[in-house]
Structure formats: structure tokens, C-alpha cells
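We did not get these values from a lab; they are worked out from the coordinates using the rules stated. Predicted, not measured: the structure shown is a model, and the values here were computed from it. When we count neighbours, we look across all protein chains shown, and the Cβ atoms used for this are built from the backbone with ideal geometry, even at glycine.
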Amino acid sequence: MINKLSMKSVLVTLLLGLLVVVDAANNTEATDCGPHGRWSDCAALCQPYCFSPPRPSPCTLPCQAGCECDEGYVRKQNFYGPCITEDECLYGP
């Protein structure tokens, strides 16, 4: 009986350790925002992108954790595209 209890404790400890490692790996990938981007716990959902229509100011949509472009940069295509300058929208990199 002691051996079964010890084995269960070891398995539970190993599983919890594995979950911590997997969660840490997922968080590292999620916060990599690429060049000219930064992580925010409250990123605007109406970030400007190339050729986007004018948006109301300030953004009235709720925020969510995610990447935002640095000042002077816009998304290339959509909310998840890379951050580029507006000149790059017109003329390319």
C-alpha cells in the first residue's frame, strides 16, 4: 500500500511539473510580438492596418491581452499581421 501511494505521488508531481513547463513555453511564444511590436495586457482590438478605414477615436471595443505596434507603425494586413510603417504599406519594405 505504501508503494502504491508513493508511486501516485511521484506521478502527480511529474504531471504537475510537465504542466508548468508547457504553460511557460506557451506564454513565451504568445508574447513574441516581432519587430516594432510589444506585448500588452490590454491591447486595442481596433489597431490600424494598411489601408484600413478611419476608426472612431478612442477605440470603443474592449481590449484583450496581445501584441500592439509601436508608435508610428501599423499592421500590414490585419490584427495579427506584422508591424510596418505606413510608407511600407504604399511602397513595400
Lys, Arg +1 and Asp, Glu -1 on Cβ, resulting dipole of the stretch 33-93 about Cα centre, debye, nearest 20 = 200 debye
Just the Cα atoms of the stretch 33-93, one point each, no solvent: what log10 I(q)/I(0) does Debye give at q = 0.15, 0.16, 0.22 Å⁻¹?
-> -0.41, -0.46, -0.86
Between Tyr91 and Cys59, how many nm apart are label points set 7 Å from Cα along the C-beta direction?
-> 2.8 nm
